[in-house]
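**Student:** Okay, here's the structure, questions in a sec.
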Amino acid sequence: MLLFLPADVPKKRTLLSNLGAIALFNTVVAIFITYVLNTGGSFSQNWVFSMLIGTSITLLIDALRWFIWRKNKPHKTIFLLVCAMAAPVGYYFGLTLGFLIYGVSVPGLAQLLGRGDRVLVVMCIFISLIAGIFFWNQSKLAELKIQAEKEKALTAAIEKQAMQAQLQLLQAQIEPHMLFNTLANLQGLIALDTERAQYMLEQLIIYLRASLNSSRTEKTTLKHEFVLMKAYLELLAIRMGKRLTYRLDLPAQLQAADIAPMLLQPLVENAIKHGIEPKIEGGNIHVSAALENGFLQLKVSDTGLGLPFGYDESKSSNDGSHVGNANVRERLLALYGVTASLTLMPNQPEGVIALISIPLPA
């Protein structure tokens, strides 16, 4: 039974567990022989003989299992027959060792059976079968556990691929509208203001490079995200002129913090699309990061039109107007669990605050 383990089971821990179970079996047998069968001898002597016999039977079964099946899984019925056949041989071998330890002459097998040891041999066969069934079931449970862990890992890999596909879909939703508008403005600026057109082209290159890197990675740094936001907002500021101002605040100690990519982009785009752009005089966007009580707080504040009266994010997330917010919430839940959140609240005196709260690892 010591070798009767699935290939993927941690051997050291399982061997110790099996040795403990075998020792417990042998101790129970010693108690039964001493106080129930009352065959004579002290408990300590019976315990020594029980340990020797039980260990001998176990090692013999393991040796036969390895010789017959090697690393393959044994056939259950044949394995139990092996357990039954190994019991008399293991019994005699263990008993012989006990006699040698206590300095007693070793009787022959026929002499042992003739003096009444047949009951003990039958008991050994019975115990071997029970032990064989026990360790067989234990091995089966270990295999099921390994299978469950493999399925869990496969599920996690599928979820990770789904999140990556979701990020690429989000990227596809964000880029075309902004890109077409930027190229249209760039076309007009080339003839009117070549220096400004050159600067706009530089920002577009920075944005596309950073955006492409974000869509291909599972995590990024806050510094990278703020570089992406700066290029994005700078492109919009060139297009919208004085109607858009912005500010980015990223503390030096948080620049290397790891986060999932493209969490800020949808919030900034929503602030522009639903808050600043429809407002005649435009407004300001402030993107900031802070650390509070073990949580990373990412805030996008705008001075736009604000939330509609009676706004309910759960009802409006499916109408296409706030798909970015819904996407961010789903990704936060999948990546960071229920402790992460996205909250929308009114900004004073006007506009909206979108606050992402992410638990940092301990």
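**Student:** Apply 1/(1 + (r/R0)^6) to the Cβ-Cβ distance of residue 44 and residue 105, taking R0 = 35 Å, and write down the FRET efficiency to the nearest 0.05.
**Tutor:** For residue 44 and residue 105, the calculated efficiency is 0.95.
**Student:** Under a plain spin-label model, where a point goes 7 Å from the Cα along Cα-to-Cβ, how far apart in nm are residue 21 and residue 66?
**Tutor:** Taking the simple label geometry, residue 21 and residue 66 are separated by 1.9 nm.
**Student:** Ranked from highest to lowest mean number of other Cβ atoms within 10 Å per residue, what is the order of the peptides 236-249, 263-276?
**Tutor:** Taking the mean over residues of other Cβ atoms within 10 Å, the ranking is 263-276, 236-249.
**Student:** Mind giving me the FRET efficiency for residue 338 and residue 157? R0 is 22 Å, r the Cβ-Cβ distance, nearest 0.05 is fine.
**Tutor:** It comes to 0.50.
**Student:** Hey, can you rank 86-95, 222-231 by average C-beta count inside 10 Å, highest first?
**Tutor:** Answer by packing, highest mean first, reads 86-95, 222-231.
**Student:** Can you work out the Karplus-derived ³J(HN,Hα) for every residue in the range 258-263? Use 6.51 cos²θ - 1.76 cosθ + 1.60 with θ = phi - 60°, whole Hz, and x for glycine or proline.
**Tutor:** 7, 9, 5, x, 6, 8
**Student:** Here is a follow-up. Once both labels are modelled 7 Å past Cα along the beta-carbon direction, what's the residue 221-residue 150 spacing in nm?
**Tutor:** So the two model labels end up 3.9 nm from each other.
**Student:** Can you work out the FRET efficiency for the pair residue 205 and residue 273, with r the C-beta to C-beta distance and R0 = 35 Å, to the nearest 0.05?
**Tutor:** Once the sixth-power term is evaluated, E becomes 0.90.
**Student:** Can I ask one more? Just to check I understand the Karplus step: with θ = phi - 60° and J = 6.51 cos²θ - 1.76 cosθ + 1.60, what whole-Hz values come out for the range 275-280, glycine and proline as x?
**Tutor:** Each residue of the range 275-280 in turn: x, 7, 4, x, 7, 4 Hz.
**Student:** Pull out the extension gain between residue 255 and residue 73, defined as 0.36 nm times the separation in residues minus the alpha carbon to alpha carbon distance; nm, one decimal.
**Tutor:** Length gained between residue 255 and residue 73: 60.2 nm.
**Student:** Around residue 246, which amide H atoms from residues at least 5 apart in sequence, or from another chain, sit under 5 Å from its own amide H, with H modelled in the peptide plane?
**Tutor:** Under 5 Å from the amide H of residue 246 lie the amide H atoms of 285, each far enough along the sequence or on another chain.
**Student:** Given points 7 Å out from each Cα along the Cα-Cβ axis, report the residue 140 to residue 245 separation in nanometres with one decimal.
**Tutor:** Using points 7 Å along Cα→Cβ, the separation is 7.5 nm.
**Student:** Stretched out fully, how many nm does the piece from residue 194 to residue 360 gain, at 0.36 nm a residue minus the Cα gap?
**Tutor:** Contour length minus the Cα-Cα distance gives 55.2 nm.
No lab work stands behind these numbers, since they all come straight from the coordinates. Treat the numbers as computed from the prediction; the structure is a model and nothing was measured. When we count neighbours, we look across all protein chains shown, and the Cβ atoms used for this are built from the backbone with ideal geometry, even at glycine.
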